[in-house]
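The values are calculated or read from the model by the stated rules, or taken from the named source; none is laboratory data. Note that the coordinates shown come from a computational prediction; the quantities given were computed from them, not determined experimentally. As a convention, Cβ positions derive from the backbone with ideal geometry for all residues, glycine included, and neighbour counts pool all protein chains shown. Heavy atoms of the whole protein, side chains included, go into the accessibility calculation; ligands, DNA and RNA do not. Shrake-Rupley method; radii C 1.70, N 1.55, O 1.52, S 1.80 Å.
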Amino acid sequence: QVQLVESGGGLVQAGGSLRLSCAASGRTFSTYTMTWFRQAPGKEREFVASIRWSDTYYADSVKGRFTISRDNAKNTVYLQMNSLKPEDTAVYSCAARSRSVSWDQYEYDYWGQGTQVTVSS
């Protein structure tokens, strides 16, 4: 069983930055694919970024602005978000699975509760 707890959300002006954290329980954290999804009001949840071992993957909408990383010693995955836009406003959730990267939210076994990110124009 893996428990995930996100933090770091908040209100920021367009062009600003935020860093989200997702702390995980469990001794096999380093073997898990860790992924950030987001859901804006009235929209489907969408893939944002994923990391497996040292390989990273990004949605086109965030490529070049967001960076996903992990610290296995701290059982934590991060999402550094720069040059934020109003359209980045959403609830951001981290998810984990023990297999390869998937863009499909239904392929993930464990989820955090989510953290709100609001970008004002």
Taking Cα pairs closer than 8 Å and at least 6 residues apart, the relative contact order of the chain in percent is 36 percent
Counting other Cβ atoms within 10 Å, keep those with at most 14, restrict to DSSP loop, and tell me which GluC sites (Glu not before Pro) in the range 1-69 are left.
-> E44
With only Lys, Arg, Asp and Glu charged, each at its Cβ (+1 for the first two, -1 for the last two), find how big the charge dipole of the chain is about the Cα centre; round to the nearest 20 debye.
-> 260 debye
Rounded to the nearest whole number, the per residue volume of the convex hull around the C-alpha atoms of the range 20-64 in Å³ is 100 Å³
Pop a pseudo-label 7 angstrom from the Cα along the beta-carbon direction at both V101 and S61 and give the gap in nm to one decimal.
-> 1.8 nm
Share of accessible surface on carbon and sulfur in the chain, whole %, 1.4 Å probe and ligands ignored, is 46 percent
Loop-resident sites, the range 1-103, for chymotrypsin sites (Phe, Trp or Tyr not before Pro), counting at most 15 other Cβ within 10 Å (DSSP) | W53, W103
For the range 37-121, the per residue accessible area (1.4 Å probe, Å²) is 52 Å²
Please provide three numbers in whole Å: the alpha-carbon extents of the chain along the principal axes, with the largest listed first.
-> 41, 27, 24
